[in-house]
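To keep things clear, I will list the structure first and then write my remarks on it.
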Amino acid sequence: MIGRVVQMKNKYSTTMLIFLFAVNFAGKTHSQATTQPTVEKTLKIGVIGASVSAGFGSDYTLAEALSAAIHVPHTTFDSADSLFFFSYLKRSPKIVAKMKADHVDLLVALDYLFWFASGRKSLEQRQQHITQAIEFLDELKIPIVVGTIPAMKDVSFRMLRSDRLI
């Protein structure tokens, strides 16, 4: 599995690897620094996103990769969906409410912003949708790892038409 995580460096960026290191390091430092036995809190990690987070083009979902890479007690809450683009504006508040109800400690949203910025819409609509997406996430009041919107200029026309991209 380590080979998979290293391979995902290009797909998910260096930020993700730093995040994984920090989560693992923080958990180990806490337990090693404590002289009295303590009950470690289970870290609750939420995943929200579109097709890449749902495993498109991979054998694993982002939640599965995170779960395999994080070595502190944790639970993942996977809300990634390869059909996210159909109703991202309606689904996002519901997903955020569910993450709130589950008391998620941190959220990973690597490809979450993609459909807010893409699709057949004006630049003004894209800006409004991105603002709305950030406002949805901000309701959680927890640390969030948000991916950038990828440059899609070389995408296959069969996958996405150029008029639907930034």
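The values are calculated or read from the model by the stated rules, or taken from the named source; none is laboratory data. The structure displayed is predicted, hence computed values, not measured ones. Reconstructed Cβ throughout: ideal geometry from the backbone, glycine too, with neighbour counts over all protein chains shown. Protein only, heavy atoms only, side chains kept; ligands, DNA and RNA dropped before computing areas. Shrake-Rupley method; radii C 1.70, N 1.55, O 1.52, S 1.80 Å.
Listed here are the residues, each with its yes/no results for (1) modelled with pLDDT under 90; (2) in contact with a strand residue (DSSP E or B) (Cβ under 8 Å, 6 or more places away or on another chain); (3) among the aliphatic types (A, V, I, L, M).
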residue: Asp81; (1), (2), (3): yes, no, no
residue: Ile95; (1), (2), (3): no, no, yes
residue: Gln127; (1), (2), (3): no, no, no
residue: Lys141; (1), (2), (3): no, no, no
residue: Phe157; (1), (2), (3): yes, no, no
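Residue count for the stretch 40-63, restricted to those that are open to solvent by 40 Å² or more (accessible area, probe 1.4 Å) and outside any loop (DSSP other than H, G, I, E, B): 1. Every condition in (1) touching a His at 6+ places or on another chain (Cβ under 6 Å); (2) modelled with pLDDT under 90 is met by Leu43 except one, and the failing one is (2). Residue count for the stretch 64-123, restricted to those that are open to solvent by less than 60 Å² (accessible area, probe 1.4 Å) and on the phi > 0 side of the Ramachandran plot: 1. Against the test of being in a strand (DSSP E or B) and closer than 13 Å to Ile48 by Cα, the options Leu137, Leu107 yield a single qualifying residue, Leu107. For beta carbons closer than 8 Å, sequence separation of 6+ or different chains, a first residue in the stretch 81-109 that is touching a residue at least 24 places away in the same chain (Cβ under 8 Å) and a second that is of a type in the set (Lys, Arg), the qualifying pairs are Asp81/Arg91; Phe84/Arg91; Asp102/Lys44; His103/Lys44; Val104/Lys44; Asp105/Lys44; Leu106/Lys44. A single entry from Ser58, Ser13, Ser87, Ser67 fulfils the requirement of being at pLDDT 65 or above and under 15 Å from the mean Cα position of the chain (by Cα): Ser67. Restricting attention to the stretch 73-116, the residues that are within 22 Å of Ser58 (Cβ to Cβ), among the aliphatic types (A, V, I, L, M) and in contact with a Lys or Arg (Cβ under 6 Å, 6 or more places away or on another chain) add up to 0.
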